[in-house]
1. Averaged over every viewing direction, what's the projected area of the C-alpha convex hull for the range 161-208? Give it in nm², one decimal, please.
2. Mind jotting down a quarter of the surface of the convex hull over the alpha carbons of the chain, in square nanometres, one decimal?
3. Applying a 10 Å radius around every beta-carbon, put 258-268, 199-209, 72-82 in order of their mean neighbour count, most first.
4. Apply the Karplus curve 6.51 cos²θ - 1.76 cosθ + 1.60, θ = phi - 60°, to the phi angles in the range 32-37 and return the couplings in whole Hz, x for Gly and Pro.
5. Which angle between 0 and 90 degrees, to the nearest 10, do you get for helix 203-216 versus the longest principal axis of the chain when only C-alpha atoms count?
6. What does DSSP give for the chain in terms of the percent of beta bridges that are antiparallel, rounded to the nearest 5?
7. Using 5 Å bins from zero, what percent of all Cα-Cα pairs in the range 196-278 falls into each bin?
8. Can you give me the P(r) profile for the range 50-106? Cα pairs, bins 5 angstrom wide beginning at 0, each as a whole percent.
Amino acid sequence: MRRREFITLLGGAAAWPLAARAQQPKLPVIGYLDARAAGPTADRLRGFRQGLKESGYVEGENVAIVYRWAEGRTERLSELAAELVRRQVAVIAVTGGSPAALAAKAATTTIPVVFAVPEDPVRLGLVASLARPGGNLTGVNFFNAELAAKRLGLLRELVPAASRIAVLVNPTNVANTEANLKEVEPAARAMGLQIQVHNAGTSREIDAAFATIAREQPDALFVAGDSLFNSRRLQLALLAVRHAIPATYPSRDYPTSGGLMSYGADVTDAFRQVGVYTGRILKGAKPAELPAVQSSKFELVINQQTARILGLTVPPTLIARADEVIE
């Protein structure tokens with residue numbers, strides 16, 4: 001083979017991979033919107049990716065994901081949702097609670113949205129009904145406010161002498177705060193408990209709320225579910241221990257970070273369902289035809305070490321019912 005022919009052949013061979021890459025179709029892109037920061041949500045993100053995998057999608061192989069994190073600043077959600085719409089993503093997966101889902105709904109009426117919210121999506125106006133969502137949104141209700149009475153009862157069981165309960169809510173998350181108080185207040189009256197509501201919408205306000213709580217010396221603390229509180233769960237756990245206040249929280253993230261006790265839905269499983277629905281939509285399913293589902297897995301988690309620090313003896317009946325006891 002002459003030298004010129006050999007060089008030409010080599011040049012053509014080198015071009016083959018480039019041509020093959022150019023002909024490969026673009027990966028579908030998922031927009032992932034969360035009100036929190038990336039770090040504290042690792043378990044939930046793992047659940048989302050597991051759901052995608054169950055639907056046949058693996059990030060980096062046959063699907064791409066564009067992440068937008070509000071880092072606890074709910075005022076950023078509208079712009080972050082708008083960014084995803086401008087990117088013309090195939091689906092928006094919303095996993096940062098009700099404000100994030102509402103921001104996505106306001107941003108688009110055409111791009112499918114799959115949400116995970118802690119309360120009734122019909123009441124929030126996200127879907128027309130659970131069975132027939134009717135628009136471009138569907139998803140999962142992993143409950144929160146609906147479990148408030150149950151959580152209050154478990155707290156009373158752990159601290160039977162309690163009569164005055166502090167309730168911590170985030171006033172910037174209006175819908176969630178209203179839903180929690182709507183459940184907590186009548187439940188407290190039925191149990192003969194007095195409650196005092198405290199507001200905190202920033203990390204600094206959490207510190208201020210605990211300073212007030214410490215002065216008032218309630219018998220226990222009920223922390224409402226909220227994306228800000230979830231992202232600041234270590235701060236909440238440390239403050240509760242510092243001020244010797246037994247506290248109950250809405251998900252296992254808190255006791256694994258040092259909080260005393262949680263009762264709530266298995267949120268990782270809820271995020272897995274978001275991943276499953278996202279994959280189904282990528283395959284052609286319509287959100288209007290995918291019923292909004294409700295979590296069916298719930299878990300009681302108790303941090304025994306924190307209980308000992310607080311000088312509490314966890315009743316054996318409560319230990320026996322716990323899904324996990326952290327030693």
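The values are calculated or read from the model by the stated rules, or taken from the named source; none is laboratory data. Just so it is clear, the structure is predicted and the values come from calculations on it, not from any experiment. Neighbour counts are summed over all protein chains in view; Cβ atoms, including those assigned to glycine, are modelled from backbone coordinates with ideal geometry. In case anyone asks, the SASA skips ligands and DNA or RNA and just uses the protein heavy atoms, side chains included. Shrake-Rupley method; radii C 1.70, N 1.55, O 1.52, S 1.80 Å.
1. Mean projected area of the Cα convex hull: 3.6 nm².
2. Values: hull surface 84.5 nm².
Taking a quarter of the hull surface, the average projection is 21.1 nm².
3. Highest to lowest by the protection proxy: 258-268, 72-82, 199-209.
4. For the range 32-37, the Karplus-derived couplings read 10, 10, 9, 6, 9, 8 Hz, x marking Gly and Pro.
5. 10 degrees
6. That works out to approximately 10 percent antiparallel.
7. 3, 14, 25, 24, 15, 7, 5, 3, 2, 0
8. So the P(r) values, bin by bin, are 4, 18, 28, 20, 16, 12, 2.
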